[in-house]
Amino acid sequence: MGAREGTEKFRLLSAMEIFAEAPEAVATMDRLAPMVTAQRGDRLSDPSRRGGGLHFIKRGHVRLYALDPTGHEATVAVLGMGHVFGEVGSLAASPPDLYADAMDEVALCTLRRGDLEELLRQEPRLGLRLLEALSGRIRDLEEQLVALALQDVRHRLLLLLARLAAAFGDPAGGWASIDFITHQEIATMIGSTRETVTATLSGLARSGAVRTGRRQMWVNTAVVARLLNAAGREPR
(Lines give C-alpha, C1' and ligand atoms only; values in the text may rest on other atoms or scores of the structure.)
Protein backbone atom coordinates (compact mmCIF):
# COMPACT_ATOMS: atom_id res chain seq x y z
CA MET A 1 0.00 0.00 0.00
CA GLY A 2 1.42 3.38 -1.01
CA ALA A 3 1.76 6.37 1.29
CA ARG A 4 -1.19 8.20 -0.28
CA GLU A 5 -3.46 5.14 -0.06
CA GLY A 6 -2.37 4.50 3.52
CA THR A 7 -3.12 8.12 4.48
CA GLU A 8 -6.55 7.93 2.83
CA LYS A 9 -7.33 4.67 4.62
CA PHE A 10 -6.37 6.16 8.01
CA ARG A 11 -8.49 9.26 7.33
CA LEU A 12 -11.53 7.19 6.40
CA LEU A 13 -11.17 4.98 9.46
CA SER A 14 -10.89 8.03 11.72
CA ALA A 15 -14.15 9.41 10.32
CA MET A 16 -16.15 6.30 11.19
CA GLU A 17 -18.56 6.88 14.07
CA ILE A 18 -17.87 3.44 15.53
CA PHE A 19 -14.37 4.65 16.48
CA ALA A 20 -15.59 7.91 18.04
CA GLU A 21 -14.96 6.73 21.62
CA ALA A 22 -11.98 4.52 20.77
CA PRO A 23 -9.63 6.63 18.63
CA GLU A 24 -6.65 4.45 19.54
CA ALA A 25 -8.34 1.58 17.73
CA VAL A 26 -7.90 3.38 14.41
CA ALA A 27 -4.17 2.69 14.31
CA THR A 28 -4.73 -0.96 15.26
CA MET A 29 -7.46 -1.36 12.65
CA ASP A 30 -5.25 0.32 10.08
CA ARG A 31 -2.52 -2.23 10.80
CA LEU A 32 -4.72 -5.33 10.91
CA ALA A 33 -7.21 -4.83 8.09
CA PRO A 34 -6.33 -4.09 4.46
CA MET A 35 -8.57 -1.67 2.58
CA VAL A 36 -10.48 -3.03 -0.42
CA THR A 37 -12.38 -0.95 -2.97
CA ALA A 38 -15.29 -2.03 -5.15
CA GLN A 39 -17.49 -0.53 -7.87
CA ARG A 40 -21.26 -0.47 -8.27
CA GLY A 41 -22.63 -3.97 -8.79
CA ASP A 42 -19.59 -5.79 -7.38
CA ARG A 43 -20.42 -8.74 -5.10
CA LEU A 44 -18.89 -8.19 -1.65
CA SER A 45 -20.26 -11.19 0.20
CA ASP A 46 -22.63 -14.12 -0.29
CA PRO A 47 -23.77 -17.25 1.61
CA SER A 48 -20.86 -19.28 0.20
CA ARG A 49 -18.42 -17.06 2.12
CA ARG A 50 -19.82 -17.61 5.61
CA GLY A 51 -17.46 -16.65 8.38
CA GLY A 52 -15.38 -14.55 6.03
CA GLY A 53 -15.00 -11.76 8.56
CA LEU A 54 -16.58 -8.49 9.67
CA HIS A 55 -16.60 -5.84 6.95
CA PHE A 56 -16.39 -2.20 8.04
CA ILE A 57 -17.70 0.25 5.43
CA LYS A 58 -15.55 3.36 5.15
CA ARG A 59 -17.03 4.89 2.00
CA GLY A 60 -20.01 4.23 -0.24
CA HIS A 61 -23.18 2.19 0.17
CA VAL A 62 -23.83 -1.55 0.37
CA ARG A 63 -27.10 -3.38 -0.25
CA LEU A 64 -27.91 -6.50 1.77
CA TYR A 65 -30.50 -8.75 0.19
CA ALA A 66 -31.88 -12.27 0.15
CA LEU A 67 -32.93 -14.48 -2.76
CA ASP A 68 -36.03 -16.66 -2.77
CA PRO A 69 -36.07 -20.03 -4.62
CA THR A 70 -37.19 -18.28 -7.83
CA GLY A 71 -34.30 -15.81 -7.71
CA HIS A 72 -36.44 -12.85 -6.61
CA GLU A 73 -34.46 -10.32 -4.58
CA ALA A 74 -35.65 -8.87 -1.27
CA THR A 75 -33.52 -6.00 0.01
CA VAL A 76 -33.06 -6.19 3.77
CA ALA A 77 -30.93 -3.11 4.42
CA VAL A 78 -28.86 -0.36 2.87
CA LEU A 79 -25.64 0.35 4.75
CA GLY A 80 -23.21 3.24 4.59
CA MET A 81 -20.06 4.62 6.19
CA GLY A 82 -19.50 3.25 9.68
CA HIS A 83 -21.82 0.29 9.27
CA VAL A 84 -20.65 -3.31 9.65
CA PHE A 85 -21.79 -6.51 7.96
CA GLY A 86 -20.63 -10.12 7.75
CA GLU A 87 -19.82 -12.64 10.45
CA VAL A 88 -16.87 -14.06 12.28
CA GLY A 89 -17.18 -16.94 14.74
CA SER A 90 -20.39 -16.51 16.74
CA LEU A 91 -20.50 -12.75 16.10
CA ALA A 92 -22.76 -11.90 13.16
CA ALA A 93 -23.41 -8.34 12.01
CA SER A 94 -25.82 -9.62 9.35
CA PRO A 95 -27.63 -12.91 8.68
CA PRO A 96 -25.33 -15.43 6.95
CA ASP A 97 -27.73 -16.18 4.09
CA LEU A 98 -27.63 -12.63 2.71
CA TYR A 99 -25.86 -11.25 -0.34
CA ALA A 100 -24.00 -7.93 -0.22
CA ASP A 101 -23.46 -5.81 -3.34
CA ALA A 102 -21.82 -2.42 -3.79
CA MET A 103 -24.32 0.30 -4.73
CA ASP A 104 -21.64 2.79 -5.76
CA GLU A 105 -17.90 3.12 -5.17
CA VAL A 106 -17.23 1.34 -1.86
CA ALA A 107 -14.18 1.17 0.39
CA LEU A 108 -14.14 -1.29 3.26
CA CYS A 109 -11.84 -3.11 5.68
CA THR A 110 -12.27 -6.74 6.73
CA LEU A 111 -11.30 -8.22 10.07
CA ARG A 112 -10.84 -11.98 10.40
CA ARG A 113 -11.48 -13.76 13.70
CA GLY A 114 -7.97 -13.60 15.12
CA ASP A 115 -7.56 -9.95 14.15
CA LEU A 116 -10.95 -9.04 15.64
CA GLU A 117 -10.05 -10.75 18.91
CA GLU A 118 -6.78 -8.84 19.06
CA LEU A 119 -8.53 -5.55 18.34
CA LEU A 120 -11.14 -6.12 21.05
CA ARG A 121 -8.45 -7.09 23.57
CA GLN A 122 -6.65 -3.84 22.91
CA GLU A 123 -9.80 -1.69 22.64
CA PRO A 124 -12.65 -3.26 24.69
CA ARG A 125 -14.76 -0.10 24.22
CA LEU A 126 -15.03 -0.99 20.57
CA GLY A 127 -16.94 -4.14 21.53
CA LEU A 128 -19.65 -2.00 23.14
CA ARG A 129 -19.86 0.15 20.03
CA LEU A 130 -20.29 -2.97 17.92
CA LEU A 131 -23.13 -4.18 20.15
CA GLU A 132 -24.82 -0.79 19.89
CA ALA A 133 -24.54 -0.90 16.11
CA LEU A 134 -26.03 -4.40 15.98
CA SER A 135 -28.88 -3.38 18.30
CA GLY A 136 -29.68 -0.46 16.01
CA ARG A 137 -29.76 -2.79 13.02
CA ILE A 138 -32.23 -5.08 14.81
CA ARG A 139 -34.50 -2.12 15.64
CA ASP A 140 -34.50 -1.02 11.99
CA LEU A 141 -35.40 -4.53 10.82
CA GLU A 142 -38.23 -4.76 13.35
CA GLU A 143 -39.64 -1.42 12.17
CA GLN A 144 -39.37 -2.58 8.57
CA LEU A 145 -41.30 -5.77 9.34
CA VAL A 146 -44.04 -3.84 11.16
CA ALA A 147 -44.37 -1.44 8.22
CA LEU A 148 -44.61 -4.32 5.74
CA ALA A 149 -47.36 -5.92 7.81
CA LEU A 150 -49.45 -2.89 8.71
CA GLN A 151 -48.84 -0.01 6.30
CA ASP A 152 -49.78 0.62 2.67
CA VAL A 153 -47.18 1.25 -0.03
CA ARG A 154 -47.28 5.03 0.32
CA HIS A 155 -46.64 4.92 4.06
CA ARG A 156 -43.93 2.29 3.67
CA LEU A 157 -42.23 4.44 1.05
CA LEU A 158 -42.44 7.55 3.23
CA LEU A 159 -40.92 5.69 6.17
CA LEU A 160 -38.07 4.42 3.99
CA LEU A 161 -37.39 7.86 2.52
CA ALA A 162 -37.29 9.39 6.00
CA ARG A 163 -34.82 6.73 7.16
CA LEU A 164 -32.58 7.02 4.10
CA ALA A 165 -32.57 10.81 4.24
CA ALA A 166 -31.67 10.81 7.92
CA ALA A 167 -28.92 8.22 7.51
CA PHE A 168 -27.39 9.13 4.16
CA GLY A 169 -28.92 12.35 2.81
CA ASP A 170 -26.76 15.33 1.99
CA PRO A 171 -29.10 18.17 2.99
CA ALA A 172 -29.06 21.44 1.08
CA GLY A 173 -31.80 24.03 1.36
CA GLY A 174 -34.06 21.63 3.22
CA TRP A 175 -33.61 18.85 0.64
CA ALA A 176 -31.63 15.66 1.30
CA SER A 177 -29.92 14.15 -1.73
CA ILE A 178 -30.15 10.36 -2.18
CA ASP A 179 -28.41 9.45 -5.42
CA PHE A 180 -27.32 5.85 -4.87
CA ILE A 181 -30.58 3.88 -4.87
CA THR A 182 -32.84 2.90 -7.77
CA HIS A 183 -36.61 2.54 -7.91
CA GLN A 184 -36.17 -1.22 -8.19
CA GLU A 185 -34.02 -1.34 -5.05
CA ILE A 186 -36.60 0.73 -3.20
CA ALA A 187 -39.31 -1.66 -4.36
CA THR A 188 -37.47 -4.67 -2.93
CA MET A 189 -37.17 -2.89 0.42
CA ILE A 190 -40.86 -2.08 0.83
CA GLY A 191 -42.37 -5.21 -0.71
CA SER A 192 -43.66 -3.56 -3.87
CA THR A 193 -42.87 -3.29 -7.59
CA ARG A 194 -40.76 -0.80 -9.52
CA GLU A 195 -43.82 0.45 -11.39
CA THR A 196 -45.77 1.06 -8.18
CA VAL A 197 -42.80 2.83 -6.57
CA THR A 198 -42.40 5.09 -9.61
CA ALA A 199 -46.11 5.96 -9.59
CA THR A 200 -46.10 6.59 -5.83
CA LEU A 201 -43.01 8.80 -6.09
CA SER A 202 -44.79 10.83 -8.78
CA GLY A 203 -47.64 11.42 -6.35
CA LEU A 204 -45.21 12.41 -3.60
CA ALA A 205 -43.49 14.78 -6.02
CA ARG A 206 -46.78 16.56 -6.61
CA SER A 207 -47.14 16.98 -2.84
CA GLY A 208 -43.64 18.49 -2.61
CA ALA A 209 -42.13 15.57 -0.68
CA VAL A 210 -39.60 14.50 -3.32
CA ARG A 211 -37.91 15.64 -6.50
CA THR A 212 -36.53 13.12 -8.95
CA GLY A 213 -34.09 13.21 -11.85
CA ARG A 214 -31.99 10.78 -13.82
CA ARG A 215 -30.55 8.43 -11.17
CA GLN A 216 -31.12 11.16 -8.59
CA MET A 217 -33.61 11.85 -5.83
CA TRP A 218 -34.06 14.66 -3.35
CA VAL A 219 -36.22 14.28 -0.25
CA ASN A 220 -37.86 17.21 1.52
CA THR A 221 -37.51 15.89 5.06
CA ALA A 222 -39.94 18.43 6.54
CA VAL A 223 -42.72 17.50 4.11
CA VAL A 224 -42.10 13.76 4.55
CA ALA A 225 -42.25 14.17 8.34
CA ARG A 226 -45.48 16.16 8.04
CA LEU A 227 -47.11 13.49 5.85
CA LEU A 228 -46.06 10.76 8.28
CA ASN A 229 -47.29 12.75 11.27
CA ALA A 230 -50.64 13.27 9.56
CA ALA A 231 -50.92 9.51 9.24
CA GLY A 232 -49.87 8.98 12.85
CA ARG A 233 -46.53 7.43 11.88
CA GLU A 234 -43.61 9.58 12.92
CA PRO A 235 -40.22 8.66 11.39
CA ARG A 236 -37.64 7.27 13.79
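Numbers for the structure displayed
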item	result
Tally of residues being farther than 25 Å from SER48 by Cβ, in a helix (DSSP H, G or I) and touching a residue at least 12 places away in the same chain (Cβ under 8 Å) across the range 100-126	5
Residues of the range 199-223 satisfying the condition of being farther than 20 Å from VAL153 by Cβ and over 21 Å from the mean Cα position of the chain (by Cα)	GLY213, ARG214, ALA222
Count of the range 159-193 residues which are in a strand (DSSP E or B) and either in the same structural domain as GLU105 (by TED's automatic domain parsing) or under 13 Å from ARG215 (Cβ atoms) (or both)	1
ARG129 basic (Lys, Arg), surrounded by 15 or more Cβ atoms within 10 Å (Cβ to Cβ) and not in a strand (DSSP E or B)	yes
Any hit, the range 172-181, residues being at pLDDT below 75 and under 22 Å from the mean Cα position of the chain (by Cα)	yes
Subset of the range 194-213 that is surrounded by 14 or more Cβ atoms within 10 Å (Cβ to Cβ) and outside any helix (DSSP H, G or I) - its residue that is modelled with the lowest pLDDT	THR212
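Residue by residue, here is whether (1) surrounded by 13 or more Cβ atoms within 10 Å (Cβ to Cβ); (2) modelled with pLDDT of 75 or more holds:
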position: PHE10; (1), (2): yes, no
position: LEU13; (1), (2): yes, no
position: ILE18; (1), (2): yes, no
position: SER48; (1), (2): no, yes
position: VAL84; (1), (2): yes, yes
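The values are calculated or read from the model by the stated rules, or taken from the named source; none is laboratory data. Note that the structure is a prediction, hence the values are computed from the model and not measured. So basically every Cβ, Gly included, is an ideal-geometry build from the backbone, and we count neighbours across all protein chains shown.
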